[in-house]
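Note sheet for the following structure.
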Amino acid sequence: MHYSAFTKRISGRGAGAWAIHERAVAKKLAGEDILFLTIGDPDFDTPEPIRAAAHHAIESGDTHYPAMRGTVALRTKLAARLSARYGRPVTPDTIMIMPGAQNALFGTSLCLLGPGDQAILLEPTYATYEATFGAGGAEVVTVPLYPALGFQPDPADIERAITPRTRAIVINSPHNPSGSVLTPDRLRAIGDIVKAHGLWLIADEVYADQCFDQPFVSAGSLADIADQTVAISSFSKSHAMTGWRIGWVQGPKPLVDHLYTLALAMMYGVAGFVQAAALAALDQDDAVSAMRDELKARRDVVLGCLAGQNRVRAIAPEAGMFVLLDVSATGLSPFDFATRLLEEEKVSILPADSFGPSATGLVRMALAVDQTMLREACRRITACAARCPG
Ligand SMILES: Cc1ncc(COP(=O)(O)O)c(C=O)c1O
């Protein structure tokens, strides 16, 4: 039977990376004790007051069709939060509640990018971007983030990549997989390019609450291009709510209206009791800080454990929940190293080079388990690396 061209567009790159994870899952199902460091979903429980709010909403009968743009209460509280983050007023009618940032990115892509258009991405990209931003028929063009610059872009590269078909520049800061945070001057430079060429700036900010060493500067703070900026985030990472599926798009009102009609055509909003949980989540700042502090401590454990040998070099992230490891000194490709690590030491990590050529030689480990387990993971990683040909 025939399947649409769309199905090809949504099966992008990244399959190679996930092959290791799938093999690890199969091993676990077969009874092997695998240490999973592949996915950005730490072992933190959703804080109790958030869970309680969902229970209460269900028991109170919030089980009908939901407010499709998001409840007024949630969008109002979020707008206040984003006003503080951006340093300018944000109104609730510029917010659309979506089932997670992934859905928010996908919906935004469908509403802004179509056949013949180009979107500029900075590579290495988050694994799903090629499919997400190519879904509507647009061509994805990549420019590098430079490891030697701490995975920052050179704005001149972006300027050079612009053609008459360019519609959007997509940024992801804090960045997956490197954990780099776009510097304020580079963000401003990208904003100037967006302004000069009349483009969209699409900013994926899901790790905004997990900056370890410096304050986060949101794309929403670029007040002069507010009507060209779409800032996307979610509760997944900040509030340990990956499974709840709730996030948002903040952008110009006409885009929010298009996302509303997309919601009508596709998913009919986010469950009311999940929205109630998200509303309660906005009162959980202490829990957010505690999880960020724990991720920072885990990062420091990994950096400490991998110091003092020269086969695996950890690249310190400034934010988020991943650490990139340079394994080129093992003499193996990232895929071969990850395969060997899984087979010999039962640790599952991701080859990062399938996220873009600027991640050549790198694997990604997630800070998804506690500090003791991370120490053990590092011990196994260095043991495996020491046995490699070099
Ligand atoms: C950069 C980035 N964007 C978006 C997402 C998806 O987030 P959500 O769970 O809110 O859909 C992830 C998840 O890992 C991510 O790393």
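The values are calculated or read from the model by the stated rules, or taken from the named source; none is laboratory data. Since the model is a prediction, treat every value here as computed from it, not as a measurement. Note that we place each Cβ from the backbone using ideal geometry, even for glycine, and neighbour counts take in every protein chain shown.
Observations
- Odd one out for Ile120, checked against (1) among the β-branched types (Val, Ile, Thr); (2) within 16 Å of Leu259 (Cβ to Cβ); (3) not in a helix (DSSP H, G or I): (2)
- The listed residue being over 21 Å from Asp43 (Cβ atoms), within 14 Å of the ligand (Cβ to nearest atom) and in the same structural domain as Leu201 (by TED's automatic domain parsing), out of Ser233, Ser218: Ser233
- Residue in segment 83-104 that is surrounded by the fewest Cβ atoms within 10 Å (Cβ to Cβ), counting only those that are within 16 Å of the ligand (Cβ to nearest atom) and in a helix (DSSP H, G or I): Gln102
- Complete set of residues in segment 105-130 that are within 11 Å of the ligand (Cβ to nearest atom), among the aliphatic types (A, V, I, L, M) and within 21 Å of Val363 (Cβ to Cβ): Ala127
- Evaluation of Ile39 against (1) within 16 Å of the ligand (Cβ to nearest atom); (2) over 16 Å from Phe235 (Cα atoms); (3) modelled with pLDDT of 95 or more (one fails), failing number: (3)
- Scanning segment 33-54 for residues that are part of a helix (DSSP H, G or I), surrounded by 16 or more Cβ atoms within 10 Å (Cβ to Cβ) and out of contact with any His (no Cβ under 8 Å at 6 or more places or on another chain) turns up at least one hit.
- The lone criterion from (1) touching a strand residue (DSSP E or B) at 6+ places or on another chain (Cβ under 9 Å); (2) without any contact (Cβ under 8 Å) to a residue 40 or more places away in the chain left unmet by Asp209 is number (2).
- All of Phe216, Phe133 fail the test of being under 16 Å from the mean Cα position of the chain (by Cα) and not in a helix (DSSP H, G or I), apart from Phe216.
- Of residues in segment 55-74 being β-branched (Val, Ile, Thr) and within 30 Å of Pro254 (Cβ to Cβ), the one surrounded by the most Cβ atoms within 10 Å (Cβ to Cβ): Thr71
- Flag if Asp204 is under 27 Å from Ile50 (Cα atoms) and either surrounded by 21 or more Cβ atoms within 10 Å (Cβ to Cβ) or out of contact with any Leu (no Cβ under 8 Å at 6 or more places or on another chain) (or both): yes
- If you go through segment 299-351 and keep only what is surrounded by fewer than 17 Cβ atoms within 10 Å (Cβ to Cβ) and within 24 Å of Phe212 (Cα to Cα), you end up with Asp300, Leu303, Gly304, Ala307, Gly308, Arg313, Ala316.
- Top-ranked residue in segment 149-192 [being among the aliphatic types (A, V, I, L, M) and assigned to a loop (DSSP other than H, G, I, E, B); ranked as farthest from the ligand (Cβ to nearest atom)]: Ile162
- Inclusion of Ala226 among residues that are assigned to a helix (DSSP H, G or I) and farther than 23 Å from Trp200 by Cβ is not warranted.
- Filtered by the rule that a residue be in contact (Cβ under 8 Å) with a residue 60 or more places away in the chain, of a type in the set (D, E, K, R) and over 17 Å from Arg245 (Cβ atoms), segment 24-44 gives Lys27, Glu32, Asp33, Asp43.
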